[in-house]
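This report concerns only the one structure given below.
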Amino acid sequence: MAIATGAYFLQDHLEYVKMHTIPAGLQAFDANGPIPACGHWKNTMPRSRDPAAYRLYINARKLWRSKIEWQLTRQEALSILHDVQAAANQGDWGARALMAYFYRSGLGPLDTNHVLDPDADKSVEIVRMAVAAGQAWGYYDLGVAHEHGYGGAAQDEQIAWAYYLKAAELGSPEAQMTLAGAYLKAERRDADSAMVTCAYKQGHGPAAQKLGIRAKLRKDFAAALEYYQAGTRFGNKESAAGLMFIFDLDDWDSRDKQDQISLRELQILPDPERKSRYDQISDALDLNPDLKLTRLDQVLPLPPKALPAWKGIQDAIEPELDGPPSY
């Protein structure tokens, strides 16, 4: 009996070791190791994208983003789920990524509009498909699954960070920001800055906001304004809120006098109209973080440029191109 028990223990131990071994092609993350190369996630995506599948997906996504999720009717939620699933079945990776999210979180938070229960196994199944295809977002999401241990992914921080490292190398901005946090904790400010800058160069709003905050703490207000403006352009509501406060009279009155002098030198003064526009943008991005305000500098330029007429946030959104869709 003891021999049999020992055999079972050895088998279980071997299965455990096998399950918790870093997968081939990955390496353990070391916060004191070399900084990974600055990849670009779009380079890991297919060059072509079926226009019909893309249109099905993007229209469903726009409907999903048009309301807070509890405001969706059951019919709207069903339509979103049907079209995103159809686009995913036709091979659109954006739709597949959104389906992975829906399976992870469910769709429809109320009894009146609930159309999909969470299914972590199906979510991770899609993520593993993306990893097999070499896509940066898949490596990051699988790292998250391993960190928290869901969908059949063993809960193992070492494996999770190996996936984060690979995702960062491939250009996942979320992974680059995750590594930046680890480097900062290890007091490697050069590595932290390199990773945040990598994410920023890919149009990642949270990276722009973080760079803006750091510039503001250094009293480099010119750089802070540019970073916040870029973050707003990238669709980051916190960056828009940061600019809203800069032009707010009440916030101005509570500001340090030397800071006021520095801002005046940049021709930055309380401005109710600019405050109102950034406030509107922040509210819009709170509802729909997908928005990319590529025309922001034309309709809401930083001082000393004068403000043009404003019809609303739609003026800041670049019309979609007629060419084939891309990632």
The helix 136-148 Cα axis meets the longest alpha-carbon principal axis of the chain at an angle in degrees, between 0 and 90 and rounded to 10, of 70 degrees
Dimensions (Å) - region 199-327, Cα atoms, principal axes, largest first: 52, 32, 25
Potential extension, PHE245-GLU187 segment - 0.36 nm per residue separation minus Cα distance: 17.8 nm
Cα-centred dipole magnitude for the chain, charges only on beta-carbon of K, R (+1) and D, E (-1), debye, nearest 20: 740 debye
So between ASP220 and ALA31, what do we pick up on full extension, going 0.36 nm a residue minus the alpha carbon distance? 65.2 nm
The local net charge around TYR327, scoring Lys/Arg +1 and Asp/Glu -1 for residues other than TYR327 whose Cβ lies under 13 Å from its Cβ, equals +2
Of ALA53, ILE159, SER79, which is farthest towards the positive pole of region 38-172's charge dipole, taken about the Cα centre with +1 and -1 on the beta-carbons of Lys, Arg and Asp, Glu respectively? ALA53
Ordered by packing density, taken as the mean number of other Cβ atoms within 10 Å over each peptide's residues, highest first, how do 224-230, 150-156, 207-213 rank? 207-213, 224-230, 150-156
Quick query: amide H of LEU116 versus all other amide H atoms, modeled in the peptide plane; which residues come in under 5 Å with a sequence gap of 5 or more or a different chain? LEU107
Test of understanding: express the Cα radius of gyration of the chain as a ratio to 2.2 N^0.38 Å, with N the residue count. 1.16
Between the Cα axis of helix 173-185 and the main Cα principal axis of the chain, the angle (0 to 90°, nearest 10) is 90 degrees
Sum of side-chain charges, ALA175 neighbourhood, beta-carbon under 11 Å (Lys, Arg +1; Asp, Glu -1): -2
If you line up the long axis of helix 93-105 against the longest principal axis of the chain, both from Cα atoms, how many degrees apart are they, to the nearest 10? 80 degrees
Length gained, GLU318-SER66, 0.36 nm per residue minus C-alpha separation, equals 89.0 nm
Going from the fewest other Cβ atoms within 10 Å to the most, one would list ARG255, ARG218 as ARG218, ARG255
Can you work out the Karplus-derived ³J(HN,Hα) for every residue in region 161-168? Use 6.51 cos²θ - 1.76 cosθ + 1.60 with θ = phi - 60°, whole Hz, and x for glycine or proline. 6, 5, 5, 4, 4, 5, 4, 5
Provide the net charge surrounding ALA31, with neighbours chosen by a C-beta distance below 13 Å and charges set as Lys +1, Arg +1, Asp -1, Glu -1. -2
Rounded to a whole number of µm²/s, how large is the Stokes-Einstein D of region 78-186 at 4 °C and 1.567 mPa s, given Rh as the Kirkwood radius over C-alpha pairs? 90 µm²/s
Along region 282-296, Karplus-curve 3J(HN,Hα) (6.51, -1.76, 1.60; θ = phi - 60°) to the nearest Hz, with x for Gly and Pro, reads 4, 5, 5, 6, 5, 7, 10, x, 6, 4, 10, 9, 5, 9, 4
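Each value in this text was obtained by applying a stated rule to the coordinates, not by laboratory testing. Owing to the predicted nature of the structure, the values given are computational and were not obtained by experimental measurement. Glycine gets a Cβ as well: all are built from the backbone with ideal geometry, and neighbour counts include every protein chain shown.
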